[in-house]
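Below is one structure, written out as structure tokens; comments come after it.
The values are calculated or read from the model by the stated rules, or taken from the named source; none is laboratory data. Source: prediction; values computed, not measured. Every residue, glycine among them, receives a Cβ derived from its backbone with ideal geometry; neighbour counts consider all protein chains shown.
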């Protein structure tokens, strides 16, 4: 029985090492390349690292909305420094998004630290970058401050 296990382990090690080093193993394509698994210079995949929270009209959304750029295998693409643009995706009220709406990421993460919306409603944000697919946030609310 011991020889059967030894043979199986040698076979598995050979397949895994051969696939990783040679880059030809099934499901392992791109793992052996450099640039964080993005050896083919594929565009980044954007995602919300910190989703927008609800806020009052004109109030800065806190914590800051953060967007992450990932490489083709899902790692944070810390080498990506292209501009990431954020805008209102759903805007049935005709509201304006204020603050810095174009940011270059640091270590693969873009932080939008001073965003505010000027009308009450429910919104989503959309982010985009050159060559990347646009991504939409979860819905959040902007409310009107009421007096005591």
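Evaluating residue 73 against the criteria (1) at pLDDT 90 or above; (2) touching a strand residue (DSSP E or B) at 6+ places or on another chain (Cβ under 9 Å) leaves one unmet condition, (2).
Considering every residue within region 61-72, establish whether at least one is outside any strand (DSSP E or B), within 16 Å of residue 44 (Cα to Cα) and in the same structural domain as residue 136 (by TED's automatic domain parsing). Yes, some residue in region 61-72 is outside any strand (DSSP E or B), within 16 Å of residue 44 (Cα to Cα) and in the same structural domain as residue 136 (by TED's automatic domain parsing).
Against the criterion of being in a loop (DSSP other than H, G, I, E, B), out of contact with any strand residue (DSSP E or B) (no Cβ under 7 Å at 6 or more places or on another chain) and at pLDDT 95 or above, residue 114 qualifies.
Report the residue count in region 110-148 for those that are over 18 Å from residue 43 (Cα atoms), under 16 Å from the mean Cα position of the chain (by Cα) and surrounded by 15 or more Cβ atoms within 10 Å (Cβ to Cβ).
Quick first cut of region 110-148, residues over 18 Å from residue 43 (Cα atoms) only: 111-125, 137-148.
In the following step, the residues that additionally are under 16 Å from the mean Cα position of the chain (by Cα) were identified as 111-112, 124-125, 137-138.
Now drop any that are not surrounded by 15 or more Cβ atoms within 10 Å (Cβ to Cβ), which leaves 111-112, 124-125, 137.
Going through region 110-148 one residue at a time, the tally reaches 5.
Number of residues in region 79-109 that are surrounded by 15 or more Cβ atoms within 10 Å (Cβ to Cβ) and either within 12 Å of the chain's Cα centre (by Cα) or in a strand (DSSP E or B) (or both) equals 11. Within region 50-60, the set of residues being within 15 Å of residue 123 (Cβ to Cβ) and part of a strand (DSSP E or B) comprises 55, 56. Candidates 91, 56, 3: the one that is over 15 Å from residue 132 (Cα atoms) and modelled with pLDDT of 95 or more is 56.
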